[in-house]
Amino acid sequence: AGKKGLATMVVMHEIFGVHEHIKDVCRRFAKQGYLAIAPEFFHRQGDPSKLTDMAAIFANIVSKATDAQVLGDLQATLNWSAAHGGVKGLAGTTGFCWGGRIVWLASAAMTDLRGGVAWYGRIRTTVNEANPVHPIDIAENLRWPVLGLYGGADNGIPNSDVDEMKTRLSFGTDAAQASDILLYPDTPHAFHADYRPSYRKQQAEDGWRRCLSWFAKTLKA
């Protein structure tokens, strides 16, 4: 506590909010020397831990958290960090599933960041008022580089979406072209979630090493 001059790491939760796994990931980054923060992006909508049904979580909480609100909360987090020991503009963000999608969006919308790692975030989903654009729409406009970590056997994210995202990145800004996507063969969604049956130890540990290496490269002071 009380340290100054730190790089900030914002950990973006899944649809389940800031539960023990997200807190654990946040602590892992803190042990690496980051000012690590895991904001609760659903605090206005409700507590996902009180619901057991995924459909109910989506309908009652997730669908009501607009991208504009979430990106605003992310900016507020970065502002708080800069006032509490973090170096303004020296920040990264990583997210899982729901949060992984936000990492891509933030990379096109925000300037106070340097890099991101998106774990199996949706690339293409339904456009609506709350979610007007998706990663596939902004791939060519990234302001800072993102590493995408995806599973080849993800039932919700087709390999074709991952391939198209990679192609679009290659035609984009310098930051987009510096981005990368890794597709782990025969690997399900949520392979990093060590509290779920989808956990795959080898891929999770490899992804974590790549994640730390990515931020060591992009968040140099």
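The values are calculated or read from the model by the stated rules, or taken from the named source; none is laboratory data. As the structure is a prediction and not an experimental result, all values here were calculated from the model. As a convention, Cβ positions derive from the backbone with ideal geometry for all residues, glycine included, and neighbour counts pool all protein chains shown. For accessibility, only protein heavy atoms count, side chains too; no ligands or nucleic acids. Shrake-Rupley method; radii C 1.70, N 1.55, O 1.52, S 1.80 Å.
Between SER170 and LYS217, the simple label model (points 7 Å from Cα in the Cβ direction) yields a spacing of 1.7 nm. Helical content of the chain, expressed as a calculated mean residue ellipticity at 222 nm, amounts to -11500 deg cm²/dmol (DSSP H runs of 4 or more residues, -39,500 (n - 2.57) each, divided by residue number, nearest 500). Computed from point charges on the beta carbon alone (+1 for Lys and Arg, -1 for Asp and Glu), the dipole magnitude for the stretch 1-118 about its Cα centre is near 440 Debye.
Working out 0.36 nm times the residue gap between LYS31 and HIS19, then minus their Cα-Cα distance, what length gain in nm do you get to one decimal?
Numbers: separation 12, 0.36 × 12 = 4.32 nm, distance 1.87 nm.
Result for the pair: 2.5 nm of gain on full extension.
Relative protection proxy for 188-197, 34-43, from highest mean packing down: 34-43, 188-197 (other beta-carbon atoms within 10 angstrom). Taking 0.36 nm per residue of sequence separation and removing the Cα-Cα distance, the ALA153/LYS50 pair yields an extension gain of 34.1 nm.
Any idea of the accessible area per residue across the chain, 1.4 Å probe, to the nearest Å²? Kindly include the intermediate steps, with their values, before the conclusion.
On the way: 10100 Å² over 221 residues.
Here the residues of the chain average 46 Å² of exposed surface.
Label ILE136 and SER160 with points 7 Å out from Cα along Cα→Cβ: what is the distance between them in nm? In this crude spin-label approximation the distance works out to 0.9 nm.
Only Lys, Arg, Asp and Glu carry charge here, each on its Cβ (+1 for the first two, -1 for the last two); on that basis the stretch 20-61 has a dipole of about 220 debye about its Cα centre. By definition, a body whose alpha carbon gyration tensor gives a ≥ b ≥ c is rounded when a/c is under 1.5, and the chain falls into this rounded group. In plain terms, the chain from GLN75 to ASP186 could stretch by 36.4 nm, reckoned as 0.36 nm per residue minus the Cα-Cα distance. Of the peptides 209-216, 14-21, 95-102, the order by per-residue mean of other Cβ atoms within 10 Å, starting with the highest, comes out as 95-102, 14-21, 209-216. With the simple spin-label model, which puts each label point 7 Å out from Cα in the Cβ direction, the ASP206 to HIS84 separation comes to 3.7 nm.
Over the stretch 1-100, what is the mean sequence separation of C-alpha contacts under 8 Å (at least six apart), divided by residue count, expressed as relative contact order in percent? Numbers along the way, then the final one.
Numbers: 145 pairs, mean separation 46.2, N = 100.
So the answer I get is 46 percent.
Considering only ILE138, ALA153, GLY92, the residue lying farthest towards the positive end of the dipole of the stretch 68-221 is GLY92, judged by Cα position with unit charges set on Cβ.
Would you tally the net charge around HIS134, using a Cβ to Cβ cut-off of less than 14 Å, leaving HIS134 out, and scoring K and R as +1, D and E as -1?
Working: positive: ARG101, ARG122, ARG124, ARG168; negative: ASP67, GLU129, ASP137, GLU140, ASP161, GLU164.
In short, -2.
Comparing ILE123, THR111, THR66 along the charge dipole axis of the stretch 50-130, the residue lying farthest to the positive side is ILE123, per the Cβ-charge model.
Ordering of 114-124, 165-175 by packing is 114-124, 165-175, highest average first (other Cβ atoms within 10 Å, averaged per residue).
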